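Take a look at the structure set out below.
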Amino acid sequence: MTSTSPTETHVAPQADHGDPARSWLARIAEGRAWLFLAGLIICFEVWSRLSFGATFVLNPFNVQSIAIFAVAPLLLATGQTFVIISGGIDLSLGFIMGLAAVVAAHATNMAGVAMPVPLAMMLGILAAVIVAGVPGVINGLLISRLRIPPFIGTLGMFGVARGAAFLLAGGTTVPVQNSWFALLGNGRFYGVPYLVIIAAVFVVVMHYILSQTRFGQHNYAIGANVQAASRAGIDIKGHILRLYVLSAMCAGLGGALYAARFTAGAAQAGEPLLLDSVAAVVIGGASLFGGSGTIFGTVAGALVIAVIQYGLVFVNVEPFWQFIAVGLVIIISVLIDQAQRRFSGARQDE
Amino acid sequence: MNSSEQTAPLLEVRHLSKHFGAVQALNDFSMAVGPGEVVALAGDNGAGKTTLIKAISGVFQPTGGEILLRGQPVTFATPQEAREKGIETIYQDLALADNLSIGANIFLGREPMRKVFGFLPVLDRKAMAVAAKQTMGRLDFHVSRLDAPVSNFSGGQRQAVAIGRAVYWDAQILIMDEPTAALGVPEQRKVISLIHQLKAQGRGVIFISHNLQDIFAVSDRIVVLRRGIQAGERKISETNHDEVVKLMVGG
Ligand SMILES: Nc1ncnc2c1ncn2[C@@H]1O[C@H](COP(=O)(O)OP(=O)(O)O)[C@@H](O)[C@H]1O
Ligand SMILES: [Mg+2]
């Protein structure tokens, strides 16, 4: 009477673990940015043909312009993807990028006095990425050691990086005197801009880190349940520190490439790109609550924004409509994410 | 039926005390768990049950007393140290990363890697899935979708995943804080059957519950805590619900 054998109490596990409706919805959510991108391109194609009798997307110049346009926001957004998946946010990325652009310009010029042009360029880029890591370290320490919420800590760093960037630039833009650097920003390899090639390689590396390494796996776990991650023995403080350094260094590379493209460093280089970076991540299917998101989703998100911005200019709409269009897309993406959460939440509680 | 006289128990606590300022949460408490033994820990809210398991699992240090593992005195500065010694604690809600698969949860924090192209390390998801399948099979829990996130599973199944993780890493002592609370009746039975499996595998289980039905279904012994002191200890075969309730409320 007191002990029951396992066979008696055994209850068959529920037969269906992967509810087909849910996984279908999940797949749509992951791919929704790519679907949206395709729909958007078709819209602009139709619009362009009807209004001007010209193709939009089959014009290689347009494709190239959109790709170049997307590079800097995409670099910020890849770092932001890691941060948002962990359940945080990095508001300082825009001005870290500006700071890095100014550092890249100064460092390249200074190094150019003493060494060959290509070496000076590489040193400039390296300096930009390393200097960008400093505010990243501070962000990481504030958030992990002093337990300051990411929103507040990185907002503070937004101000600090902004001030530092303008001070370092002396209030103006800093021109770069380096022919290789200019070539990097504007040259092409078989018609493909170097900037786009660099961004593509970078995206693949970041995808690898997020999807194939322990760091990436722990990032997802921390975003879903930081206590579970901590109990599993993951070094949360160390991870958060590395995370914000990584995102800052993404912005650092973004700043260096900005300086290459415009052959000048400007403190305000990344100012409008911060919101774009968050928008790209959200449009790409990540949840602002943490725990979900992918790099390729973010790539689609960044392309959506670039297509909206470039496309509206192309079809001759007043540029202010860009803000409205991007804003609406963000809101729609968040609504879809919430609807999906509610749906899966209802399922979970049975 | 139990040979604990000759051999040291798996885990023993002696005269354990823990106070938080003026609050004496645990006072001169002693108990033991042998291999293949399930000990239920019962007591009213605030009796000190959670405090006891936190002291055992290294979440904090006891103020007094000692913990012995197979007869050897031990101290755990962190939960990791307790885990490395084979003491795994399973918490109600906080155990899993919902967005990851069973395998990823089992290996969370110690993921296996493999190399592609001969140099590039990548997560070995296949090894994780295989281990997940085997481990869950050992618990008589068969899953078809090993790649699904654990949020797709029911409460009892998730409890099984948490237990599966402990089993995979070969925990010899499992401590469960109210594993059946917040579960439906069929799911509660499933968890009870999991505890039977752990017992059959020779592991020691300490399990906290308010549910006397569950306690009587699965335990060998029951230890009752009341306001931090050990109010009584009974073999399940020699007691009944009434007596246990009296021990819990006192008088
Ligand atoms: N971290 C803490 N700080 C102060 N008092 C605590 C703490 N944890 C538990 N207590 C107190 O210790 C007593 C026992 O609590 P607890 O072990 O949680 O009981 P149970 O799990 O049996 O309900 C309670 O009076 C509780 O208020
Ligand atoms: Mg408790």
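The values are calculated or read from the model by the stated rules, or taken from the named source; none is laboratory data. Just so we're clear, the structure is a prediction, and the values are computed from it rather than from any experiment. With ideal geometry, Cβ positions are generated from the backbone for all residues, glycine too; neighbour counts draw on all protein chains shown. With ligands, DNA and RNA removed, areas are computed over all heavy atoms of the protein, side chains included. Shrake-Rupley method; radii C 1.70, N 1.55, O 1.52, S 1.80 Å.
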Residues of the stretch B:170-204 being within 16 Å of ligand 2 (Cβ to nearest atom) and facing chain A (nearest Cβ under 9 Å), which ones?
none
Open to solvent by 40 Å² or more (accessible area, probe 1.4 Å), more than 16 Å from ligand 2 (Cβ to nearest atom), part of a strand (DSSP E or B) and under 16 Å from B:ILE87 (Cα atoms) - does that describe any residue in the stretch B:9-29?
yes
Members of the stretch A:137-185 found to be touching a His at 6+ places or on another chain (Cβ under 8 Å) and of a type in the set (Val, Ile, Thr), listed by number:
A:VAL174
Considering (1) part of a helix (DSSP H, G or I); (2) out of contact with any His (no Cβ under 8 Å at 6 or more places or on another chain); (3) within 11 Å of chain A (Cβ to nearest Cβ), say which one B:VAL130 fails and leave the rest.
(3)
Specify the residue that is farthest from ligand 2 (Cβ to nearest atom); the eligible residues are those in the stretch B:205-225 that are closer than 23 Å to B:PRO9 by Cβ and away from chain A (no Cβ under 12 Å).
B:VAL205
Selection over the stretch A:172-191 where residues are touching a residue at least 40 places away in the same chain (Cβ under 8 Å), open to solvent by 30 Å² or more (accessible area, probe 1.4 Å) and not in a helix (DSSP H, G or I) yields a count of 4
What do you reckon, is B:LEU41 in contact (Cβ under 8 Å) with a residue 40 or more places away in the chain, in contact with a strand residue (DSSP E or B) (Cβ under 6 Å, 6 or more places away or on another chain), open to solvent by less than 50 Å² (accessible area, probe 1.4 Å) and within 16 Å of ligand 2 (Cβ to nearest atom)?
yes
Of all residues in the stretch A:48-82, count the ones that are at pLDDT below 95, part of a helix (DSSP H, G or I) and of a type in the set (S, T, N, Q).
5
Failed condition for A:LEU123, given (1) touching a residue at least 40 places away in the same chain (Cβ under 8 Å); (2) farther than 27 Å from A:THR298 by Cα; (3) surrounded by fewer than 24 Cβ atoms within 10 Å (Cβ to Cβ):
(1)
Filter pass, A:ALA29 being modelled with pLDDT under 90, within 21 Å of the chain's Cα centre (by Cα), within 14 Å of chain B (Cβ to nearest Cβ) and closer than 19 Å to A:VAL278 by Cβ:
yes
Do you know which of the residues in the stretch B:89-103 that are open to solvent by less than 10 Å² (accessible area, probe 1.4 Å) and more than 7 Å from chain A (Cβ to nearest Cβ) is nearest to A:SER230 (Cα to Cα)?
B:ILE90
Among the residues of the stretch A:157-171, how many are open to solvent by 40 Å² or more (accessible area, probe 1.4 Å), in a helix (DSSP H, G or I) and more than 16 Å from A:GLY255 (Cβ to Cβ)?
0
So which pairs qualify, if the first residue must be in the stretch A:40-57 and without any contact (Cβ under 8 Å) to a residue 12 or more places away in the chain, the second must be assigned to a helix (DSSP H, G or I) and not small (Gly, Ala, Ser), the Cβ gap must be under 8 Å, and the two must be at least 6 apart or on different chains?
A:THR55/A:GLU45; A:THR55/A:ARG49
With the condition kept exactly as written, say whether any residue in the stretch B:59-81 is within 10 Å of chain A (Cβ to nearest Cβ), of a type outside the set (Asp, Glu) and surrounded by 22 or more Cβ atoms within 10 Å (Cβ to Cβ).
no
Any idea how many residues of the stretch A:207-237 are more than 10 Å from chain B (Cβ to nearest Cβ) and surrounded by 22 or more Cβ atoms within 10 Å (Cβ to Cβ)?
2
Would you point out the residue of the stretch B:138-155, among those that are modelled with pLDDT under 85 and more than 8 Å from chain A (Cβ to nearest Cβ), that is nearest to B:LEU96 (Cα to Cα)?
B:GLY155
Scan the stretch B:44-58 for residues that are near ligand 2 (Cβ under 9 Å from one of its atoms) and either at positive phi or within 14 Å of chain A (Cβ to nearest Cβ) (or both) and report the count.
3
Of all residues in the stretch B:162-202, how many are open to solvent by less than 10 Å² (accessible area, probe 1.4 Å), within 16 Å of ligand 1 (Cβ to nearest atom) and of a type in the set (A, V, I, L, M)?
2
